[in-house]
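The values are calculated or read from the model by the stated rules, or taken from the named source; none is laboratory data. In this text, all values refer to a predicted model and were calculated from it rather than measured experimentally. Glycine also receives a Cβ, built like all others from the backbone with ideal geometry; neighbour counts cover every protein chain displayed.
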Amino acid sequence: MNFDYEMIVCIVNVGFSEAVMDAAKEFGARGGTVLSARGTAAKEAETIFKITIQPEKEMVIILVPTAIRDDILHALYRSVGLKTPGQGIAFSLPVDHVVGLAQDLPKRDETKKTERKD
Amino acid sequence: MNDATKPRVRRQRNGHSASEPSAVKKLKLLITVVNKNKTEFYTDLLQSFEINMQLVMRAHGTAGSEMLHYMGLEESEKTVIFSLIREDRAAAALAALDEKFRTIRGGKGIAYTVPISGVIGAAIYQFLSNQPTPGKGENAR
């Protein structure tokens, strides 16, 4: 089954949501939504992988056309991936129906012009 | 589950012809992002589409100011509403949301659905899909 849009979820340390959006916008994303969250990774994992896990997280959800999903996921991996201070993970989920996107709306100026003509 | 229900349920399953709708309807996760001050309006609206569980989370939007102005979304304090909806009600809910997004002042938003591949627990499925138990309904999967 083909999906026109995908929802990218990126979970990063607090303060890195702007870096996430900057990376995503470079490849055509238009906007996202930032939620506050708290990580719960196990203490053992911290010692095994020799990393410190900051519990305060930000979860960024971005709706993107499927065509640019891979580019954005790669950009996120490079700029806020696990090996960066953002310590982010990103994944995508298929989206089957969407309403309310900006491109579906009539442009403000165009609406005014048509009103004047009438 | 008592033994008496098993044969009856099996007969019901076998009795379905190919053209009949399946007894088990899939669920979808409906994600709605709206301005914070319109949260209650949209949660109430969604409840009329047989949605029994909603999760509301505070959030903020990240669209640039130019884009926000263009879309009439100056408010950046947002609410994300996660709702579990039965597949056959999703289209109607999205259509209603679309209409409200276009007509309500300050009510602009975005909504989309993500398919859900599995749910564990018959009672939970019945609750989420708003399908009251036919008989014992132990095998609703």
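Only one of the numbered conditions (1) of a type in the set (G, A, S); (2) away from chain B (no Cβ under 14 Å); (3) in contact (Cβ under 8 Å) with a residue 60 or more places away in the chain is violated by A:S92, and that is (2). Filtered by the rule that a residue be loosely packed, with under 15 Cβ neighbours inside 10 Å and either in a strand (DSSP E or B) or at the interface with chain B (Cβ under 10 Å from one of its Cβ atoms) (or both), the range A:35-56 gives A:S36, A:R38, A:E56. Among the residues of the range B:33-46, those identified as part of a strand (DSSP E or B) and either more than 12 Å from B:K100 (Cα to Cα) or more than 12 Å from chain A (Cβ to nearest Cβ) (or both) are B:V33, B:N35.
Scanning the range B:82-103 for residues that are more than 10 Å from chain A (Cβ to nearest Cβ) and either crowded, with 16+ Cβ neighbours inside 10 Å or in contact with a Phe, Trp or Tyr (Cβ under 7 Å, 6 or more places away or on another chain) (or both) gives B:S83, B:L84, B:I85, B:R86, B:R89, B:A92. On the stretch given as the range A:4-34, residues that are part of a loop (DSSP other than H, G, I, E, B) and at the interface with chain B (Cβ under 9 Å from one of its Cβ atoms) total 2. When residues in the range B:104-114 are screened for being under 22 Å from A:I62 (Cα atoms) and surrounded by fewer than 17 Cβ atoms within 10 Å (Cβ to Cβ), 1 of them pass. Could you tell me which residue of the range B:57-76 is nearest to A:L35 (Cα to Cα), considering only residues that are more than 11 Å from chain A (Cβ to nearest Cβ) and either modelled with pLDDT of 80 or more or assigned to a loop (DSSP other than H, G, I, E, B) (or both)? Among residues in the range B:57-76 that are more than 11 Å from chain A (Cβ to nearest Cβ) and either modelled with pLDDT of 80 or more or assigned to a loop (DSSP other than H, G, I, E, B) (or both), the one nearest to A:L35 (Cα to Cα) is B:E75. Right, B:P7: in a loop (DSSP other than H, G, I, E, B) and either farther than 15 Å from B:D88 by Cβ or at pLDDT below 85 (or both) or not? No: the conditions fail for B:P7.
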